[in-house]
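These notes concern the structure reproduced below.
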Amino acid sequence: MSLAENILSVYWPPAIVVIITLLLGWLAHWIAKRSQRGTSGILYQLSNWLLASFAVVTIVVLLPLSGETRGQVLSLLGVVLTAILALAATTFVTNMIAGVMLQASQPFRPGDYVRVNDQFGRVTKSSLFHTQIQTEWRDLTNLPNLMLINNPVTVMHRDGTIIHAEISIGYDVTYLRVEELLLKAGADAGLREPFVLVHELLDHAVVYRVCGFLPEMNHLLSSRSNLRKKVLEQMHGNGVEIVSPSFMNQRALNPEEKVIPPTPVLYDADKPMEASKAPEDMIFDKAEEAASIEELKIKQEETHAELKKMRSKLKTIDDDDAPALQHKIELLEKRQAWYDKLVEQQKNAD
């Protein structure tokens, strides 16, 4: 037997293992790209880790080593793996377990507004070890999954939330007057069913909180800002100071002089408010894209389930009703193909 044949006979089994591992890795990647969660899904990441570990052990077993040497190599791999797990027990393993828990419970989806401690933003993606959010400064922040498990996570409802603005007014203005103006401000800001709370009685002022239901979550930051603007308009426009008796300035003021703009915005007809582009379109661009993909996938699954139900029903109905049902099935098939195309385009764009 020649040297080349001898080398081939010895090393072709490990080579085949490497080739099969690469093919399985490519197949897993191909399947993951067409799944709902893509390559960020937990099953894809776990399968890659297990596949690589299995390939390494198999190659060691197939290499032309003596039994003693093979045992030493496998023991060394076991010691290395144990050391890695021990050293990373507080980070790697715990974050992985936390990621599994989050994937199982799914407390939030891409596009949701979340708040964890002092971190606030919209979710862009979730992986096995961390969750990525886009903050109100448009930056991307990776939050360890362990942090999300160990701390309360506030998820704002997709169908709307309550927003509020606080204001302190002196005791010389009755709460009935303040409540009246704040309710007008809430209505002008486009909030549903606004209400006012006397939040706190301080030694120098009363703290009021105007609240209301915001049905549209895409422009959360703009809506909060707009509510505060409307509060300023109503207070200043109706002669109410937003200062407490302890208000101080570095220059002497006439006690009768009110700290209000000369021309309140409410009555400044010469300078109408111009509609501006919502800042959320730029701030949360990546999160909005992730939310759009998530919504497309949900609609894709709903259409698929409805189509499956219609096809099953077609087998049991009378022949007279079959044409109408078949027409509905054709429309659903076109819709399904359209959703499939959009989801594929979004994945390719990533």
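The strands (runs of 3 or more DSSP E) found entirely in segment 143-246 that carry 3 or more residues being β-branched (Val, Ile, Thr) and surrounded by 15 or more Cβ atoms within 10 Å (Cβ to Cβ) are 161-169, 206-214.
Listed here are the residues, each with its yes/no results for (1) in the same structural domain as residue 132 (by TED's automatic domain parsing); (2) exposed (fewer than 12 other Cβ atoms within 10 Å of the Cβ); (3) modelled with pLDDT of 75 or more; (4) outside any helix (DSSP H, G or I).
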{"site": "13", "(1), (2), (3), (4)": "no, no, no, no"}
{"site": "18", "(1), (2), (3), (4)": "no, no, yes, no"}
{"site": "22", "(1), (2), (3), (4)": "no, no, yes, no"}
{"site": "26", "(1), (2), (3), (4)": "no, yes, yes, no"}
{"site": "53", "(1), (2), (3), (4)": "no, no, yes, no"}
{"site": "58", "(1), (2), (3), (4)": "no, no, yes, no"}
{"site": "65", "(1), (2), (3), (4)": "no, no, no, yes"}
{"site": "70", "(1), (2), (3), (4)": "no, no, no, no"}
{"site": "81", "(1), (2), (3), (4)": "no, no, no, no"}
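Contact annotation: residue pairs with Cβ atoms under 6 Å, 6 or more positions apart or on different chains, pairing a residue in segment 199-220 that is in the same structural domain as residue 167 (by TED's automatic domain parsing) with a partner that is at pLDDT 90 or above and among the basic types (Lys, Arg), are 199/209; 213/192.
Among the residues making up segment 89-109, those that are over 13 Å from residue 155 (Cα atoms), of a type outside the set (A, V, I, L, M) and surrounded by 13 or more Cβ atoms within 10 Å (Cβ to Cβ) are 92, 94, 95, 99, 103. Against the definition (among the acidic types (Asp, Glu), in contact with a strand residue (DSSP E or B) (Cβ under 6 Å, 6 or more places away or on another chain) and not assigned by TED's automatic domain parsing to the domain that holds residue 230), how does residue 139 come out, yes or no? The answer is no for residue 139. Any residue in segment 117-139 that is surrounded by 14 or more Cβ atoms within 10 Å (Cβ to Cβ), in contact (Cβ under 8 Å) with a residue 24 or more places away in the chain, in a helix (DSSP H, G or I) and not hydroxyl-bearing (Ser, Thr, Tyr)? The answer is no, given that none of the residues of segment 117-139 is surrounded by 14 or more Cβ atoms within 10 Å (Cβ to Cβ), in contact (Cβ under 8 Å) with a residue 24 or more places away in the chain, in a helix (DSSP H, G or I) and not hydroxyl-bearing (Ser, Thr, Tyr). Within segment 209-238, the residues that satisfy the criterion of being within 24 Å of residue 170 (Cα to Cα) and in contact with a strand residue (DSSP E or B) (Cβ under 6 Å, 6 or more places away or on another chain) are 209, 210, 211, 212, 224, 227, 228, 231.
Per the conditions (1) in the same structural domain as residue 238 (by TED's automatic domain parsing); (2) surrounded by 15 or more Cβ atoms within 10 Å (Cβ to Cβ), the sole criterion not satisfied by residue 112 is (1).
The values are calculated or read from the model by the stated rules, or taken from the named source; none is laboratory data. A quick note: this is a predicted structure, and the numbers were derived from the prediction, not measured. Positions of Cβ are backbone-derived with ideal geometry, glycine not excepted, and every protein chain shown enters the neighbour counts.
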